[in-house]
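Values in this text are rule-based calculations from the coordinates and carry no lab data. Everything numeric here is computed off the predicted structure, so don't read it as measured data. Quick reminder, even Gly has a Cβ in these numbers, built from the backbone with ideal geometry, and neighbours come from all protein chains shown.
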Amino acid sequence: MTSLDTPRLTQYAHGGGCACKIPPGELEGVLAGLQPDMTRPHAELLVGHDTGDDAAVVRTADGTGLIATTDFFTPVVDDPHDWGRIAAANALSDVYAMGGTPALAVNLLGWPREVLPLELAAEVLRGGAEVAADAGCHVGGGHSVDDPEPKYGLAVTGVVDPERLLRNDTATPGVPLSLTKPLGIGVLNTRHKRTGERFPQAIATMTELNRDAAQAALRAGATCATDVTGFGLLGHLFKMMRSSGTAAEVDTAAVPYLEGAREAVRDGYVSGGTRRNLDWVEPHLDADDVSEDDRLLLADAQTSGGLLVAGHVPGAPVIGRVVPVRPDEATIALR
């Protein structure tokens, strides 16, 4: 198949990547009250869905910490191999965001088999397998369905020391906020979907594993982290602060962005998911002096973004700090 007759995968999806997530406010309503009454559990639940953390964690009877997570989405780029790599890195990131090591993954594939060649599906799976191998994670099969819209991702099991968990509800006032990857992935992907322009800087960022960042955070003594994905920096920061009973100040000038991100916002390449993110978090913002373009970038729906860590991560930009909650003040202040 030549480049002239290769389908543009992003044109077979109503959205792209983590921008396709159900909006955070709607999702919280769906999940409310779902925790079952477990009278005889086989393992101790350390992290469930109550704080909206990145993955679930249990401690087994022998003290082993097990992480379980899944993530899949529609095409975020047109190249099937790159899409597979990005989707795998994104799914593995949930394990790293909890301070763990991925051990086993299974593929999740939805494919319009009568519309798109199965050779493209094979390229998607090959890309995912390559990134999993780089992470030292086995891929042991999976599940596929005939789907009118292509979707791909992984269900991942990881291991972790239960005493060295990274979680999103342990931020304490006075510590810095570190961000390990630049923002702007979402707006560049939206531009790619609409125009076909390719952005190697976005692909390189999305396929970079968060393994080294997580290890650096743990070495520095951090206990609180989350990865920045579909709810944007502001959405994930708000969830972290709300779960921890704290607030945050963000130095907007210190936040790093990918080359071309500001131009993409200026030219209107903003996904519906990003706008919904901003709508959800805006009531909790003090951002009177921050432009709409900057607020949109801070809410930009990332795919396979970096880690947001409550603590200093060597080599990562410090973008703000955790502060005490103050009555009648916003949860997040943008400066």
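Looking at the square roots a ≥ b ≥ c of the eigenvalues of the Cα gyration tensor of the stretch 71-139, which shape do they give, rounded for a/c under 1.5, prolate if a/b is larger than b/c, or oblate? Walk me through the numbers before you get to the answer.
Details: a/c = 2.31, a/b = 2.04, b/c = 1.13.
Prolate, since a/c reaches 1.5 and a/b exceeds b/c.
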Along the stretch 66-74, what does the Karplus equation 6.51 cos²θ - 1.76 cosθ + 1.60 (θ = phi - 60°) give for ³J(HN,Hα), rounded to whole Hz, x for Gly and Pro? 10, 10, 10, 7, 8, 7, 8, 6, 6
Amide H partners (placed H, <5 Å) of Gly320, local residues excluded: Leu177, Asp251
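Please tell me the relative contact order of the stretch 176-334 in percent, rounded to the nearest whole number, where contacts are Cα pairs under 8 Å and at least six residues apart.
Working: 314 pairs, mean separation 77.7, N = 159.
The normalised contact order for the stretch 176-334 reaches 49 percent.
Average projected area of the Cα convex hull of the stretch 176-334, in nm²?
Working: hull surface 34.7 nm².
Average projection, Cα convex hull of the stretch 176-334: 8.7 nm².
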In whole angstrom, how far apart do the alpha carbon centroids of the stretch 175-226 and the stretch 100-131 sit? 22 Å
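When each pair of different Cα atoms in the stretch 77-203 is counted once in the 1/r mean, what is the Kirkwood radius in angstroms, to one decimal? Working shown, then result.
Numbers: mean 1/r = 0.0612 Å⁻¹.
Taking every pair of different Cα atoms in the stretch 77-203, averaging 1/r and inverting gives 16.3 Å.
Two decimals, Cα atoms only, Kirkwood Rh: what is Rg/Rh over the chain? Don't skip to the answer; put the middle values down first.
Values: Rg = 19.2 Å, Rh = 20.1 Å.
We get a ratio of 0.96 for the chain.
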For the stretch 302-311, in order, what is each residue's ³J(HN,Hα) by Karplus, 6.51 cos²θ - 1.76 cosθ + 1.60 with θ = phi - 60°, in whole Hz (x at glycine and Pro)? 8, 10, 6, x, x, 8, 9, 10, 7, x
What are the ³J(HN,Hα) couplings of the stretch 130-137, residue after residue, when phi is run through the Karplus curve with 6.51, -1.76, 1.60 and θ = phi - 60°? Round to Hz, x for glycine and proline. 5, 5, 4, 5, 4, 7, x, 10
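Considering only DSSP beta bridges whose two residues both sit in the chain, what percent are antiparallel, to the nearest 5? List each step's numbers first, then the result.
Working: 39 of 53 bridges.
Percentage antiparallel, nearest 5: 75.
So in the stretch 60-168, what percent of DSSP beta bridges are antiparallel if you round to the nearest 5?
Details: 18 of 25 bridges.
Antiparallel bridges: around 70 percent, rounded to the nearest 5.
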For the chain, compute the number of Lys pairs whose alpha carbons are separated by less than 21 Å, excluding pairs fewer than 8 positions apart on the same chain. 6
The stretch 176-334: antiparallel bridges as % of DSSP beta bridges, rounded to 5, reads 70 percent
Cα gyration tensor, the stretch 256-335 - rounded (a/c under 1.5), prolate or oblate: oblate
Once label points are set 7 Å from the Cα along Cα→Cβ at both Thr51 and Asp161, what is their separation, rounded to one decimal in nm? 1.9 nm
For Ala133 and Ser291, extending 7 Å from Cα along the Cα-Cβ vector and measuring point to point gives, in nm, a value of 4.5 nm
Quick one: which residues, 5 or more positions from Gly110 or on another chain, have an amide H under 5 Å from its amide H? H modelled 1.01 Å from N in the peptide plane, none for Pro or chain starts. Val145, Lys151, Tyr152
Amide H partners (placed H, <5 Å) of Ala247, local residues excluded: Val323, Val325
